[in-house]
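One structure is given here, and the rest of the page talks about it.
The values are calculated or read from the model by the stated rules, or taken from the named source; none is laboratory data. Just so we're clear, the structure is a prediction, and the values are computed from it rather than from any experiment. Every residue, glycine as well, gets a Cβ built from its backbone with ideal geometry; the counts of neighbours run over all protein chains shown.
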Amino acid sequence: MKRISILFLTLFAGILLSAQEVSPQRPSIPDNSVSVLDFGAVPDGVTLNTDAFAKAVAAVGKKGGGRIVVPAGIYLSGKIVLKDCMDLHLEEGAVLLLSPDKKDSWDGKSVKPFITASKRHDVSISGNGIIDGNGQWWRPVKRSKVSDVEWKSFLEKGGTVTEDGSLWYPFNLKNYENIAADYKAQERFRTHLIRFTDCSKVLVTGVTLQNSPKFHLVPQRCEDVTIEGITVRCPWNAQNGDGIDIMQCRNVLIAGCTVDVGDDGICLKGGAGAKALKDGPCKNILIENNTVFHAHGGFVIGSEFSGGMEDITVRNCVFSGTDTGLRFKSAPERGGKCSNIRISNIVMTDIKDEAIVFQTDYADRPAGHDDNQAADTQNFLPDFTDIIIENVTCRGCTTAIKAQGPLSQIHGITVRNSTIFYNDKGIDMSHPEAITLDNVKLMTY
């Protein structure tokens, strides 16, 4: 009996050691509560409520923090800036809608994210409501990615079509003024839906984030971040429509979320170039029990991570209909060192391109970009290494495993105990020795 107990404890300890647990500190919110209705908010979808939200934030701030309640209705607003010890709570049926008029978010120099907090602590967004970025009034549209009917609907708004007819920009719209001299300059002001910068003890739970002008949820240089049970969605063709982008954060949990977006689904970034070294790595991150439908990648590292990636676990996730499944992308001037990346128990179906892909010559190509951009440098090179991927089951992809890049930049990677059913190519690697395959079944018709 004693021997059995010792064996059990040994096995249990082994499980604990192999499974990284991350428990970020959660915000502490004082027991104060106000309704935005008490500060003149009108939930009719027409009245601009920016001042009402600012007054509610100020009132809660004077009390030392608390909850700002958003009851059911449609609240049109410009930017909302949260402060310490504050929870923005959207009740069932509440829709917080970013104004389509860019001037409502313009401060004379730039456009701030719809909801933001900077250098704050104990900040939360919660509830069962919707935060909508009204992105169709902000994003450029590629003609090749929409139907004739959809293209006609954009033209009916006014806007500007490039000379070659390939792109529509929301510049010179019929009903809203511009905030820049031309469509290229205005495109640079396109903003994120929610951004937390240099914050600690951050929580986003329950809400639906949709239709952002750019990325949906962006914590940057934050510590102790919990993102749980949220839905992130936008049209499949939304330009730069990333779902959740974690940038140079520490102690992060992303759990039980559903993502269906136009660009990367759940993505880790670590900054580019010399500045990223000062900001440090993405570190101590657990991503589990999430489902990603459309996205350029289900789980993504890059393209910029010069600050590094350390101690990251991804497990028990489903990717269904993404362009790629596990995507590792970077390039010179953007790369850094990976350390202790562990990915397990991933289920994939209907993957458009690669189930697993490593790329070291990635180029950022925004709408209207010149494809002749090339990084001819030996600085800040990617170093994808110390990565273990196991227990992957994939039914349907074009290529099972692709790794294109120098052996010095893609090496020390293991894929094991996995089955991938592919449609065209099993292995596409510059250097087959870059990735060790252990009990991996690659099958096709």
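The table below gives the values:
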| quantity | calculated |
| --- | --- |
| Residues satisfying the stated conditions in segment 178-200, i.e. in contact with a Lys or Arg (Cβ under 6 Å, 6 or more places away or on another chain) and surrounded by fewer than 18 Cβ atoms within 10 Å (Cβ to Cβ) | ILE179, ASP198 |
| Scan of segment 319-354 for residues that are part of a strand (DSSP E or B) and either in contact with a helix residue (DSSP H, G or I) (Cβ under 6 Å, 6 or more places away or on another chain) or surrounded by fewer than 20 Cβ atoms within 10 Å (Cβ to Cβ) (or both), ordered by number | SER320, LYS337, SER339, ASN340, ARG342, ASN345, VAL347, THR349 |
| Test set (1) under 16 Å from the mean Cα position of the chain (by Cα); (2) more than 14 Å from GLY241 (Cα to Cα); (3) crowded, with 19+ Cβ neighbours inside 10 Å; (4) hydroxyl-bearing (Ser, Thr, Tyr) - SER306 fails condition number | (1) |
| Qualifying residues in segment 95-120 (those that are farther than 11 Å from GLY78 by Cα and at pLDDT 95 or above) - the one nearest to the chain's Cα centre (by Cα) | THR116 |
| Subset of segment 326-380 [over 29 Å from ASN284 (Cβ atoms), among the polar types (S, T, N, Q) and modelled with pLDDT of 95 or more] | THR349 |
| Output for segment 237-296, where each listed residue is acidic (Asp, Glu) and at pLDDT below 95 | ASP279 |
| Selected residue [assigned by TED's automatic domain parsing to the domain that holds ARG120 and farther than 25 Å from THR322 by Cα] from LEU268, LEU277 | LEU277 |
| When residues of segment 119-148 are limited to those that are out of contact with any Pro (no Cβ under 7 Å at 6 or more places or on another chain), part of a loop (DSSP other than H, G, I, E, B) and in contact (Cβ under 8 Å) with a residue 24 or more places away in the chain, the one surrounded by the fewest Cβ atoms within 10 Å (Cβ to Cβ) | LYS119 |
| Members of segment 251-302 found to be of a type in the set (S, T, N, Q) and either free of Cβ contacts under 8 Å to residues at least 40 places away in the same chain or surrounded by 24 or more Cβ atoms within 10 Å (Cβ to Cβ) (or both), listed by number | THR258, ASN289, ASN290, THR291 |
| Scan of segment 149-169 for residues that are in a helix (DSSP H, G or I) and β-branched (Val, Ile, Thr), ordered by number | VAL149 |
| Entirely in segment 372-445, the strands (runs of 3 or more DSSP E) that have 3 or more residues that are exposed (fewer than 15 other Cβ atoms within 10 Å of the Cβ) | 435-443 |
| Selection count where residues are assigned to a strand (DSSP E or B) and on the phi > 0 side of the Ramachandran plot, scope segment 68-115 | 1 |
| Strands (runs of 3 or more DSSP E) enclosed by segment 175-281 - at least 2 residues per element that are closer than 23 Å to SER110 by Cα | 194-197, 208-210, 217-220, 244-247 |
| Filter result (hydroxyl-bearing (Ser, Thr, Tyr) and more than 30 Å from the chain's Cα centre (by Cα)) within segment 36-57 | THR47 |
| Residues of segment 225-243 that turn out to be crowded, with 24+ Cβ neighbours inside 10 Å and not hydrophobic (A, V, I, L, M, F, W, C), as a count | 3 |
